[in-house]
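To start, the structure under review is shown below, and the notes come after it.
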């Protein structure tokens, strides 16, 4: 009833906005102060404690209890009031121990399309063998993830990919209200990680601009493989990119990073798209790139001030999308 | 919490719902918290409480929905009327507590959100503390301790996510372990707080004096009203006489209300205030000094043996009826020192002529036979008060008066006539009432004094016990301007005391039962003195035993802070030691290798995993003699560190890893 009245006045929305803004500003200041380079270890300097709303209410109840017991000089009542207070305060210690010395080893932000979800993986170092319960992780504006240790060596977050280009990750809040929900202990983790955001994919792009004189040419198999680099296998690498011989030697999968220059039939040219705004053009180009890669076509991307070589495959697609993302 | 399991009740959006197990646990916490209240609640209310909470806890899993609105409204109405019929009103501790409990039980029938459940637990805390205002027995302590574990266990369960959170039976589950660990930490802190937290020497707010005090004595005495009290063998006070003095127990009379007015229905009452404040008589070296521990009575009167000299307690006053009062009701155990000059006379107040008049009034048209007998005595002994009293006492002794706790009912309005001439059976109340009526009729000023008389020595425990069954009514006769104590009940020879009364006074008990009772009382006395009666004065004594005289609150708070800091430091030390032991040795060794590698020019980047780092080192240093060993060590490190369960990395493996590290480091130094 009272809540509805306050909502009607608009007070609650106003308060929530203020709280969000304060929280955001605080977390930025606190995150910066504590240091941003990985690995990030949660130490005393990074942990903050505040009572929850329920904690404040309990404090009030316990205060009344203590005062009453003192007034009547009722020793058992006083003893139990003190016991409850002691348990409540000691729960801060437990909550604190639940978070402290938790170490975050890496933060991996997968590239994402604007308007979609940005998948972020935050890795946890198994620093000591202590079990940790009921931890919450929450990126500003992102989803809330509950996790516990042992059981999670990396936590997956999803947060909105907003703007094309390099997007700095917002601060991550790691908090716990365990064991009694009376206090929140939290830490701000603000790694210096940037996520690459591709242009928003056009929902229904027109067909690929096929050059009729040549037809949709299939890329012939790349002849010479210029072995530039060998790296560990990552999920998503195409099987034919795997250097089987080297892998057999190493005893684990190794991937070749290839660059195969081929002649181009399909040209995706920024200048040829008419009647669209700049961002919309980029969206269409991105959608075309994705489709062309799906059809395993050789394609070439031409942007106002740069052009990529013609190519095909996942690596080519990613480099094209990166160019699109970073186009001014 | 986007997913709501299908078996939780629908509720307002925005409130996180409880899992059935969380719900069951919170209802159980509430049930546990109401256990101590069963010690003092009326049985019908207890029954309602047990039934509601029992049904709710046992069916929570299958039917978590809130009970229908109409049923809850009906239950509210029923409970309110139940409280009113039991207590007569809502005011006061008893009905207030009962109502709170019943409404909390009802709250459990509609709770479905975390917020509701937490509210229930928080109110349980209040309930547990408030219960001690009603009963501070040892039993209440044990029940409350159990309830504490349940309440905090419920909070622990409630702080976990409802979905994907704990499931299964609430018994013997997680939560309990954490709570017990915390409890073991909290108990020393609690003890320190309890011992050292400064107490209030005067209460912040007073309490109203209960109309029907727990001492059993009140300002009126209707015929037969004391019968119930005389079979109540709960303790009233325990007395320790200084220097091992053992006064004759029959000479100890502890006075309560002095009754002046006799109504037409045979009721004695104090009437208008007939006393004035005065100074007690001067102390003398022969005075009896002692310490009293008085059970809570909710009344203001202190019991002191006649003739009272002084009470060593602040905020007490003394009046011309030789009674001591405290300014506030005694709602908790009270310990006070007192001294008395044992005598059977007490001096009158300042206005003796008025007291004489008040002590001669009789209701008109009542008890004609008694009045005739009184007038006959007056004539016979020429109004000599001492002779009249002696004649009356002889009458009680010689005629067949019987002492019984179950006297026959009076048939008419002339109750004293019936007692003196027809039934001749009754207890102290009947004897003192009839004696006063007879004396007033004979022109001898007489009043009825109620209180407690006698008691039992508990020699092995070193105290003198006065139970409520020692309640007594006797008379005081104004002779030569001094109130002289006369006890007509004592005139009845022992052979005319009936068996039931003997039983009530504990005379027919077997030795075993008597020993058992004494033992129980001894424990209760120890409990009272050490725990319940710990107050500002005891705190000062505690400091005195450490050589600090006159410790004020500054010393108390300072010591408290010191003790708490010491406990905190001790705990920090324990935690530090345990953490050091639990630190992963494999990790430490691996870091040592990395440090050495950094000196050789291979620095691991912060975002680089051990595997990637190995590959990079391989590209540059595959030919180095130590590389193979480093390769192997890294593989082992990965296997050990990223195993599913770190605890499974056995000590043996860790030791082997340490050896391998040593060998590698040696190799690197050589290369």
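Please treat every number below as a calculation from the coordinates, not as lab data. None of the values given here were measured: they were computed from a predicted structure. Glycine gets a Cβ as well: all are built from the backbone with ideal geometry, and neighbour counts include every protein chain shown.
Taking the Cα atoms only, what angle lies between the long axis of helix B:428-441 and the longest principal axis of chain B, rounded to 10 degrees?
30
Over the Cα atoms of segment B:13-132, what radius of gyration and what Dmax do you get, in Å?
According to the Cα coordinates of segment B:13-132, Rg and Dmax are 14.0, 42 Å.
Sort out for me the Cα centre separation of segment B:423-453 from segment B:26-87, rounded to whole Å.
Cα centroid of segment B:423-453 versus Cα centroid of segment B:26-87: 49 Å apart.
Residues of B:134-143, mean number of Cβ from any other protein chain within 10 Å of their own Cβ, rounded to a whole number?
Counting Cβ atoms of other protein chains within 10 Å of each residue's Cβ and averaging gives 1.
Quickly estimate the mean residue ellipticity at 222 nm for the protein assembly as shown, helices only: each DSSP H run with n ≥ 4 gives -39500 (n - 2.57), and the total goes over all residues, rounded to 500.
-13500 deg cm²/dmol
Other chains near B:186-196: what is the mean number of their Cβ atoms within 10 Å of each residue's Cβ?
For peptide B:186-196, the averaged partner shielding equals 5.
In peptide A:86-95, what is the residue-averaged number of other protein chain Cβ atoms found within 10 Å of each Cβ?
The shielding value for this peptide is 6.
May I ask for the distance between the Cα centers of segment B:249-282 and segment B:314-385, given as a whole number of Å?
What the calculation gives is 5 Å, centre to centre.
In degrees from 0 to 90, rounded to the nearest 10, what is the angle of the helix B:627-641 Cα long axis to the longest principal axis of chain B?
Approximately 30 degrees, to the nearest 10.
Taking only C-alpha pairs under 8 Å that are 6+ residues apart, what is the relative contact order of segment B:227-380 in percent? Kindly include the intermediate steps, with their values, before the conclusion.
On the way: 235 pairs, mean separation 40.1, N = 154.
Computed value for segment B:227-380: 26 percent relative contact order.
How do B:195, A:196 line up, fewest other C-beta atoms within 10 Å first?
B:195, A:196
Looking at the square roots a ≥ b ≥ c of the eigenvalues of the Cα gyration tensor of segment B:460-570, which shape do they give, rounded for a/c under 1.5, prolate if a/b is larger than b/c, or oblate?
In terms of gyration-tensor shape, oblate.
Once the Cα atoms of helix B:43-59 and of chain B are each reduced to a long axis, what angle between those two axes, in degrees from 0 to 90 to the nearest 10, is obtained?
20
For chain B, what does the relative contact order come out to in percent, with C-alpha contacts under 8 Å and a separation of six or more?
Relative CO of chain B lands at 12 percent.
Taking the Cα centre of each part, how many Å lie between segment A:279-327 and segment A:147-164?
Result: 28 Å between the Cα centres.
Looking at the square roots a ≥ b ≥ c of the eigenvalues of the Cα gyration tensor of segment B:29-100, which shape do they give, rounded for a/c under 1.5, prolate if a/b is larger than b/c, or oblate?
Working: a/c = 2.65, a/b = 1.44, b/c = 1.85.
Oblate shape, in that a/c is at least 1.5 and b/c is the bigger or equal ratio.
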